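Q: Supplied in structure tokens, the structure appears directly below.
The values are calculated or read from the model by the stated rules, or taken from the named source; none is laboratory data. Source: prediction; values computed, not measured.
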Amino acid sequence: MVGKTDLGVALVTGASSGIGQAAAQRLADAGYTVFGTSRRAGVTGQPILRDADP
């Protein structure tokens, strides 16, 4: 059985807004470790995604 922390890693491009942000959030909620990239580095200065609960 695959646990929530055993799903792996996802790389999402365009994760600062729109579909990329939504996809990154859904993957994080599902238990993936998510790394996101964006053309707009430092737009908010804060992480875009919150930590998913294990």
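Q: With respect to Ala10, is the statement that it is in a strand (DSSP E or B) and at pLDDT 90 or above true?
A: Working: in a strand (DSSP E or B): yes; at pLDDT 90 or above: yes.
Judged against the criteria, Ala10 is a match.
Q: Which ones in the stretch 13-54 are at pLDDT 60 or above and among the basic types (Lys, Arg)?
A: Once the filter is applied, which keeps residues that are at pLDDT 60 or above and among the basic types (Lys, Arg), the stretch 13-54 yields Arg26, Arg39, Arg40.
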